[in-house]
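The block underneath contains the structure these notes are about, expressed in structure tokens.
The values are calculated or read from the model by the stated rules, or taken from the named source; none is laboratory data. Model, not experiment: these values are computed from the prediction. Don't worry about glycine lacking a Cβ; one is built from the backbone with ideal geometry, like all the others, and counts go over all protein chains shown.
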Amino acid sequence: MERRKILRALAVVLVTGVVTGSRPAEAQHPIVDVSGEWNSVFAGGTSTLRLTQYGATVVGVYGSSASMPGAMAGRVNGRLMLGRWTDASSSGGFRLEFSPDGRRFAGTWGRTVDSNTSGGPWIGSR
């Protein structure tokens with residue numbers, strides 16, 4: 001049942017167009033590979049984040065000690081990833097910047113789809 005909710009949330013993110021549309025050629029070749037499992041902190045709790053990268057497109061799921069499981073999708077350009085997250089009750093934007101070695105990120109998340117900063121900081125490592 002929980003997996004169905006996560007998959008439904010991911011489908012909503014994909015349908016909203018976060019990962020569709022054409023981009024300039026340079027945006028199709030990100031510098032860092034963000035795929036894999038991340039330990040992250042946001043919304044007052046810890047979260048395991050699992051990301052899969054297809055070129056510049058990234059999709060993922062997360063589980064948090066402070067919020068319900070959710071899904072996220074975005075695009076990487078260089079070391080910067082912009083996108084949207086969603087769970088069963090809300091959604092918002094996010095902005096994550098990855099370290100040059102691809103082992104850490106620091107950024108922010110938003111409480112609405114129009115914001116990627118209003119929720120607070122989001123940090124992670126692997």
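Annotation: of all residues in the stretch 81-122 being charged (D, E, K, R) and closer than 15 Å to P69 by Cα, the one that is modelled with the highest pLDDT is R84. May I ask you to verify whether T112 is more than 17 Å from S35 (Cα to Cα), out of contact with any Phe, Trp or Tyr (no Cβ under 9 Å at 6 or more places or on another chain) and touching a residue at least 60 places away in the same chain (Cβ under 8 Å)? So T112 fails the test.
Taking the stretch 82-126 as the range and being surrounded by 16 or more Cβ atoms within 10 Å (Cβ to Cβ) and in contact with an Asp or Glu (Cβ under 8 Å, 6 or more places away or on another chain) as the test, the residues that pass are G93, G102, F105, G107.
Out of the residues in the stretch 61-92 meeting the condition of being outside any loop (DSSP other than H, G, I, E, B) and free of Cβ contacts under 8 Å to residues at least 24 places away in the same chain, tell me which one is farthest from S40 (Cα to Cα). Give the derivation first.
So in the stretch 61-92, the residues outside any loop (DSSP other than H, G, I, E, B) come out as 61-64, 70-77, 80-87, 91-92.
Now narrow it down to the ones that are free of Cβ contacts under 8 Å to residues at least 24 places away in the same chain: 62-64, 80.
Details: Y62: 9, G63: 10, S64: 9, L80: 17 Å.
The extreme case among them is L80.
Taking the criterion of being assigned to a strand (DSSP E or B), in contact with a Pro (Cβ under 9 Å, 6 or more places away or on another chain), surrounded by fewer than 20 Cβ atoms within 10 Å (Cβ to Cβ) and at pLDDT below 95, the only residue of the stretch 37-60 that qualifies is V41.
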